[in-house]
Number of protein chains: 2
Amino acid sequence: MSRLESFIRRMSAQRDVIDHVRETLPLPATGAILEIGLGNGRTFDHLREKFPGRRIVAFDRAFGAHASSAPPAEDLVLGEIAETAKTFAGTEAALVHADIGTGYEDKDAITLTWLPGIVAQALGAGGIAVSGLPLDHAALEPLPLPASVDRDRYFLYRRRP
Amino acid sequence: MSRLESFIRRMSAQRDVIDHVRETLPLPATGAILEIGLGNGRTFDHLREKFPGRRIVAFDRAFGAHASSAPPAEDLVLGEIAETAKTFAGTEAALVHADIGTGYEDKDAITLTWLPGIVAQALGAGGIAVSGLPLDHAALEPLPLPASVDRDRYFLYRRRP
């Protein structure tokens, strides 16, 4: 399978998992959404369409989003994500979406030393995590994926109480 | 429609049009493929899978591809594409793929002042152009899109003799 085909499947999986959360998994009544890896801002745009009225805080190393998908300044956190996202521990976020895989196994292995813990600590009980990398953490219970998504292409968890 | 959804449809259209060319539109027997806008290299990877044995020359302002999708040095042309691609005029390319839209109308309008002419001049007679932006040029005959692709999401042309 070409990398283009694989990419289309990954982005489709991302959309399908987010929509599945919206349609079938009620989020905690309060708490922000954290978008870890703003990038071009396309997923930020999808999240604000699917979860209107919910605060969405976006993290990235540097700002690179399309002007139409720029979060308000107070909801944009720039800098090394491993450092900035830590400051959201205990904030009882309702949903975390993280798509910061690089396609390099060695780089992603480093990300996976800190990402699962940061996600688990930011989420409130019953909060949902959607991720392009697996989040292996005792506090995160894997949930079934929608039927359209291949196992190992995208990941879905609920924060244990 | 969110920008994520629109992006998935655009990338799917890109793949579908390239595959449609591969399956139904014989390319001239000789001539290179030009990939205008290498980016991450995902489409370069798709093109080399679909057109094995064909030289693929990739253009970009700066190198930003994944290591697994890096063209050999002799097939990578870095610098302002408006300048570098001009040097391929008259080389009778078999296929040009260009996906260098930015999502900003004013920037894309500037690209469209030079891109159609450069594509028309690089292609040999009967060569094919696949583009994310419309290529309005007397030498480029619009061809029907595959049924899966919405009009105005991707564009397909044949160089007139």
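The values are calculated or read from the model by the stated rules, or taken from the named source; none is laboratory data. Just so it is clear, the structure is predicted and the values come from calculations on it, not from any experiment. So basically every Cβ, Gly included, is an ideal-geometry build from the backbone, and we count neighbours across all protein chains shown. Surface accessibility is based on the protein's heavy atoms, side chains included, excluding ligands, DNA and RNA. Shrake-Rupley method; radii C 1.70, N 1.55, O 1.52, S 1.80 Å.
Brief remarks on what is shown
- Filter result for residue B:95 (closer than 18 Å to residue B:127 by Cβ, open to solvent by less than 50 Å² (accessible area, probe 1.4 Å) and in a loop (DSSP other than H, G, I, E, B)): no
- Selected residue (criterion: nearest to residue B:87 (Cα to Cα)) from residues of the stretch B:12-45 that are open to solvent by 50 Å² or more (accessible area, probe 1.4 Å) and part of a helix (DSSP H, G or I): B:42
- Per the listing B:48, B:9, the residue uniquely assigned to a helix (DSSP H, G or I) and out of contact with any strand residue (DSSP E or B) (no Cβ under 8 Å at 6 or more places or on another chain) is B:9.
- Taken over the stretch A:113-161, the criterion of being in contact (Cβ under 8 Å) with a residue 24 or more places away in the chain, among the basic types (Lys, Arg) and surrounded by fewer than 21 Cβ atoms within 10 Å (Cβ to Cβ) is satisfied by A:153, A:158, A:160.
- Scanning the stretch A:68-88 for residues being more than 15 Å from the chain's Cα centre (by Cα) and more than 30 Å from residue B:104 (Cβ to Cβ) gives a total of 2.
- If the condition is being open to solvent by less than 20 Å² (accessible area, probe 1.4 Å) and either touching a residue at least 60 places away in the same chain (Cβ under 8 Å) or within 13 Å of another protein chain (Cβ to nearest Cβ) (or both), then the stretch B:67-85 contributes only B:69.
- Within the stretch B:47-58, one or more residues are surrounded by 15 or more Cβ atoms within 10 Å (Cβ to Cβ), under 24 Å from residue B:114 (Cβ atoms), more than 12 Å from chain A (Cβ to nearest Cβ) and out of contact with any Pro (no Cβ under 8 Å at 6 or more places or on another chain).
- Taking the stretch A:19-46 as the range and being within 11 Å of chain B (Cβ to nearest Cβ) and touching a Lys or Arg at 6+ places or on another chain (Cβ under 6 Å) as the test, the residues that pass are A:42, A:45.
- Test for residue A:117: is it small (Gly, Ala, Ser) and within 14 Å of another protein chain (Cβ to nearest Cβ): no
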